[in-house]
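The values are calculated or read from the model by the stated rules, or taken from the named source; none is laboratory data. As the structure is a computational prediction, the values presented were derived from the model and not from experiment. Every residue, glycine as well, gets a Cβ built from its backbone with ideal geometry; the counts of neighbours run over all protein chains shown.
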Amino acid sequence: MTQSYDEISTNSLGSMRQKLAKYFPIILCLAIAYGLVFYLSIKQHTPLQDVEALDSSDVKRGAEGGEEANGPFDETLTISSGDTLAGILERLGIPRTQAHEAIEALATVYNPKDLKVDQEIYVIYDTQVEGEGYDLKFLRIRTDLENDIELVRTGGGLFQATKYKKELKHAYVEVEGDIKVSLYVDALRAGASPKMLYDMIKAFSYDVDFQRDIQPGTTFSLFYDTYKDEESGLERAGELLSARLVIEDKPYEIFRFQPPGGVPGFYTSKGEAIQKALLRTPIDGARINSGFGNRKHPIQGYTKMHTGVDFGAPKGTPIMAAGDGVVERCNHFGGYGNYICIRHNGNTKTAYAHLSRYAKGVSRGGKVRQGQIIGYVGTTGNSTGPHLHFELIQNGKRVNPKKVTQLPKSKLLGTALTKYKSFITKIEKIKTDLKKPEMRLKADSNSIPASLGGA
């Protein structure tokens with residue numbers, strides 16, 4: 001008897017249903033087992049011994065494959081905006097109670113709130129023997145070039161934090177060049193440290209007007225020491241030891257020296273202290289927009305006495321105190337905008353106007369040092385653009401800041417002068433050695449006394 005197409009289809013479908021019902025429990029168990037293996041393979045972190053073979057993304061969330069990964073694990077984490085140490089440990093799977101204990105121990109030597117964006121943290125952690133999550137074993141924070149903070153979990157389960165000072169390699173650097181664009185641009189192009197360049201400008205500001213005197217063709221030289229962490233390759237500049245400018249064939253040269261029983265300062269090759277009463281230029285890299293005297297007022301439109309000097313500079317340019325003194329005024333002052341007045345002695349004051357903001361720590365009644373940053377260029381008050389309005393006030397009268405009364409020069413004498421001459425000789429020898437490739441390694445930290453020549 002011949003079956004129709006519909007009859008064959010119905011019989012076959014029934015047979016398949018019977019077989020599926022028979023083997024369904026086996027199929028279901030296999031599917032669950034395969035899914036569990038896959039889940040565990042992606043859940044585990046990368047074991048410590050495999051870290052070097054993987055990139056950072058692999059390290060953060062473990063090895064792929066069917067084998068279960070075993071700790072310990074390590075990661076180097078970079079701080080992002082909004083991160084907290086508690087949040088970072090929580091993301092690693094460290095239990096909240098344990099993270100709290102770790103942070104409390106760390107706080108004995110370091111404030112975790114001081115973590116900065118892009119700062120790195122190195123951690124080692126392991127799978128808990130009992131319970132879920134991970135045990136924190138070790139944590140290291142590099143706070144700066146010289147200092148590391150390390151947190152270790154002891155055998156008793158307690159955390160112990162320690163601050164370590166790293167040993168840095170000491171060396172000397174001399175940067176030389178000719179000015180083609182500006183001292184700032186050309187010195188940085190030659191490889192000078194920005195901090196050392198700032199110290200050089202501040203030191204020479206007693207005798208050099210950086211807005212008028214520095215021209216293309218001026219030559220410069222900076223000699224300073226550096227400290228390098230050979231592990232990371234990072235380094236920082238130490239102290240500016242000597243500097244030289246040659247302006248229209250006239251040399252200006254200074255050396256940093258600490259006289260016996262005194263404080264470090266800069267001296268000429270003859271042993272004369274370079275510090276005068278006031279800086280001639282309280283701001284670097286600016287142009288003079290308007291000098292002292294009668295001028296047509298840019299806002300009011302009529303001729304009026306201009307009682308200071310205007311230095312045009314970008315908003316935010318640092319402004320230095322022209323001399324040591326006490327802040328007599330630090331507030332918004334009418335057309336002057338944000339204003340600072342410093343009293344230097346019984347009859348001399350300097351004033352700084354149109355600031356965008358004040359430097360941290362500067363307030364009325366506070367003391368400031370010569371060259372200290374007190375504020376930043378702005379355009380507050382009656383101002384047509386970013387600039388510093390600088391005034392010199394003597395005996396209650398505003399006078400031309402370009403005619404600053406100089407203090408008598410102090411000079412090294414006797415034993416101090418003899419030691420200074422010896423110090424200069426040592427510096428010049430190191431400079432000579434730096435120019436000889438075979439001698440560079442000999443210019444080590446023992447070449448100059450730590451006291452910069454002092455007793």
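For this structure, a couple of remarks:
- Counting only residues that are in contact with a strand residue (DSSP E or B) (Cβ under 8 Å, 6 or more places away or on another chain) and at pLDDT 90 or above, the stretch 394-416 holds 0 of them.
- Complete set of residues in the stretch 370-383 that are surrounded by fewer than 21 Cβ atoms within 10 Å (Cβ to Cβ), farther than 13 Å from Pro282 by Cβ and either without any contact (Cβ under 8 Å) to a residue 60 or more places away in the chain or not hydroxyl-bearing (Ser, Thr, Tyr) (or both): Thr380, Gly381, Asn382, Ser383
- Test: residue in the stretch 160-170 that is in a strand (DSSP E or B) and touching a Gly at 6+ places or on another chain (Cβ under 9 Å): yes
- Of the strands (runs of 3 or more DSSP E) lying entirely inside the stretch 193-303, those containing at least 2 residues that are surrounded by 15 or more Cβ atoms within 10 Å (Cβ to Cβ), modelled with pLDDT of 90 or more and not hydrophobic (A, V, I, L, M, F, W, C) are 219-228, 235-247, 250-257, 265-268.
- Scanning the stretch 304-339 for residues that are modelled with pLDDT under 90, under 37 Å from the mean Cα position of the chain (by Cα) and basic (Lys, Arg) yields no hits at all.
- Across the stretch 178-192, the number of residues qualifying as outside any helix (DSSP H, G or I), surrounded by fewer than 18 Cβ atoms within 10 Å (Cβ to Cβ) and either touching a Ser or Thr at 6+ places or on another chain (Cβ under 8 Å) or modelled with pLDDT of 90 or more (or both) comes to 4.
- The residue of the stretch 417-445 that is surrounded by the most Cβ atoms within 10 Å (Cβ to Cβ), among those that are at pLDDT 90 or above and among the basic types (Lys, Arg), is Lys419.
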